[in-house]
Structure formats: C-alpha cells, structure tokens
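Report on one structure; see the data block that follows.
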Amino acid sequence: MVNVLGIVFGGLLGMAAGRLISERFQKTLMMACALAVLFLGLGGSLAQMLRASPDGTMTFVGSYMMVGSLILGALIGEAINLEDRMVTFGEWLKKRAGGESDSRFVDAFVTASLTVCIGAMAVIGPINDRLLGDSVVLYIKTVLDLVIVLLMTATLGRGCIFSAISVGIFEGAIFLCAGLLEPVMSPAAQSNLSYVGNILIFCVGVNLLWKTGIRVANLLPALVIAIAWAWF
C-alpha cells in the first residue's frame, strides 16, 4: 500500500508540474527520465554480469542464462501476448477514467507499469515484508518510484498514475504467495532475477528514448525462466 500511495502521490505531483512546464522543458525532462531508466537498468545488469577474477581481470558470467531466459521468455510472452493484454487493460482504464481525449494515456500506463513492476525489488520487497516483517526494500522502492512516476507523469500524462494499480496487483500477489515463493528465491535465483530484470528495465529506457517499440511486456516471462534456471 505504501508503494501504491507513493506512485499516486508522485503522479499527482507530476500532473501539477506538467501544467506548469512548457513542451520544450517536458521533452528535455522526458529525455532525462529515459536516460535515468536506461542507466538504472544498465548499472543493475552490469553488476550481475561482470565479476572480478583473482588476477584483477573482469569476466562475463551468466551469458547462457541471460540468452536462454530472454529467448524462452520471448516465446512464451508472444504466445500469451502479454503486451496486447496490457494495452487492452490500459484502453479499459482510459475509458473508465474519462481519458478518451488523451492520446498518450495507454502508452503512459504501459510504460510506467513496466518501469515500476520489473526488477528484483518488486519481488524481494513483498517477500521480505511478509516473511521477515522487513519493509525497508519496499520503502526504498517507493521513493524511487515516486520520483520516476513524477517525471513520467509530467511528460507522458496521467496514464502513468494508474501504474499504481499494476504495482498493487503485482506486489500484492507476491505478498500473498510469499510462503510459496520464499523457498524458491535462493541467492542464485535473486541474482538471476536482478540480472534479467535490469535488462528489461534497460529496454524500457530504450523505448522511452528512441521509441523503438521493444515489446517489453512480452519478455516478462524471462523473469520466471531466470529464477527457474538457478535450480537446474
């Protein structure tokens, strides 16, 4: 609930700021936001990807896991078409929220939802909260999400605020199922989740900056494959 409220608060601040910021400033802010998401994803994935050898050289680890997770995840994601399902849900929200005149509503909702839902913190946070009574990870994520959604809402529009629904459903489900997930989330599984999850965050940044249309939602099953990979 704290994470949900943080996103809503950040979105409302972003809407207020968006009305006061000219289009030129909004474009520059969007570029800054895209770069921040890019480097959040890049830094997180490189932290898992590179290891220092005893001789001081850097080695590349987990390449088979990364490639296998992304390819298998893409096949599963395209088969069940998560991207279009998210877009359909966004269109429904757009009508319910009276945003028919907002041409960017769905794109804003999907982009913000992917940004705040993907990553190890969105999984580890609810598990720690349920099983250990430790909410620190969720509080840190709330602050990060508040700032990210504030910037996104100021530039993309109010559709970003509704990413709070996505976070509520995603983290709420993990919280309720934490007892089942806890034995699965070994240190290796957490590392794999962070590795692949940050690559997907990087892809969200690429879409924000260059409008390349990477179907990131259809890559989400790669997160499940990455966790399962740790057990084989």
- [ ] Pop the C-beta distance of residue 93 and residue 173 into the FRET formula with R0 = 25 Å and round what comes out to the nearest 0.05.
- [x] 0.85
Task: Added length on full extension, which subtracts the Cα-Cα distance from 0.36 nm per residue, residue 5 to residue 22 - done: 3.4 nm
- [ ] Find the Cα radius of gyration of the stretch 118-206, compare it with 2.2 N^0.38 Å by division, and give the number to two decimals.
- [x] 1.14
TODO: Quick one: compute a quarter of the convex hull surface over the Cα atoms of the chain and quote it in nm².
DONE: 13.6
TODO: Quick one: Debye curve from the alpha-carbon atoms of the stretch 1-46 only, equal weights, vacuum; give me log10 I(q)/I(0) at q = 0.29, 0.30, 0.33 Å⁻¹ to two decimals.
DONE: -0.94, -0.95, -0.99
- [ ] Kindly sort 210, 229, 92 by accessible area of their heavy atoms, largest first, with the probe set to 1.4 Å.
- [x] 210, 92, 229
Open item on the list: I'd like the accessible area for residue 212, computed on protein heavy atoms only with a 1.4 Å probe and all protein chains in place. Round to 10 Å², please.
Closed with: 80
TODO: Ignoring everything but the protein chains, give the 1.4 Å probe accessible area of residue 87 in square angstrom, nearest 10.
DONE: 50
- [ ] Could you do me a favour and compute the accessible area per residue for the chain, 1.4 Å probe, result in Å²?
- [x] 50
Task: Dipole in debye (nearest 20) - the stretch 12-123, about Cα centre, beta carbon charges: Lys, Arg +1; Asp, Glu -1 - done: 320
Task: Backbone HN-Hα couplings from phi across the stretch 208-218 [Karplus 6.51/-1.76/1.60, Hz, Gly and Pro as x] - done: 5, 7, 10, 6, 7, x, 5, 7, 5, 4, 6
- [ ] Heavy atoms only, probe 1.4 angstrom, no DNA, RNA or ligands counted: give me 134, 145 ranked by accessible area, highest first.
- [x] 134, 145
TODO: Give, rounded to the nearest 20 debye, the magnitude of the charge dipole that the stretch 114-232 has about its Cα centre when Lys and Arg contribute +1 at Cβ and Asp and Glu contribute -1 at Cβ.
DONE: 380
Open item on the list: Please list 3J(HN,Hα) in residue order for the stretch 199-205, calculated via the Karplus relation 6.51 cos²θ - 1.76 cosθ + 1.60 where θ = phi - 60°; whole Hz, with x for glycine and proline.
Closed with: 5, 5, 4, 4, 5, 4, x
Task: Between the stretch 1-78 and the stretch 124-172, the Cα center-to-center distance that results, in Å - done: 14
Task: Heavy atoms of residue 58 accessible to a 1.4 Å probe, total area in Å² rounded to 10 - done: 120
TODO: Quick one: pull the percent of accessible area on the chain belonging to carbon and sulfur, 1.4 Å probe, ligands and nucleic acids left out.
DONE: 71
- [ ] First measure r as the distance between the Cβ atoms of residue 104 and residue 39, then evaluate 1/(1 + (r/R0)^6) with R0 = 22 Å and state the FRET efficiency to the nearest 0.05.
- [x] 0.40
Task: the stretch 13-28 - phi-based ³J(HN,Hα) in whole Hz, Karplus 6.51/-1.76/1.60, Gly and Pro as x - done: 5, x, 5, 5, 5, x, 5, 9, 9, 5, 4, 4, 5, 4, 5, 5
Task: Dipole magnitude of the stretch 40-195 about its Cα centre (Cβ charges: Lys, Arg +1; Asp, Glu -1), debye to nearest 20 - done: 180
- [ ] Calculate, for residue 71 and residue 188, the FRET efficiency according to 1/(1 + (r/R0)^6) with r their C-beta to C-beta distance and R0 22 Å; round to the nearest 0.05.
- [x] 0.65
- [ ] Taking the dipole about the Cα centre of the chain, with the C-beta of Lys and Arg at +1 and of Asp and Glu at -1, give me whichever of 185, 3, 65 is farthest to the positive side.
- [x] 3
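The values are calculated or read from the model by the stated rules, or taken from the named source; none is laboratory data. Remember, it's a predicted structure, so these values are computed and weren't measured experimentally. For neighbour counting, all protein chains shown are included, and Cβ atoms are generated from backbone atoms with ideal geometry for every residue, glycine included. SASA here: full protein model, heavy atoms, side chains in, ligands and nucleic acids out. Shrake-Rupley method; radii C 1.70, N 1.55, O 1.52, S 1.80 Å.
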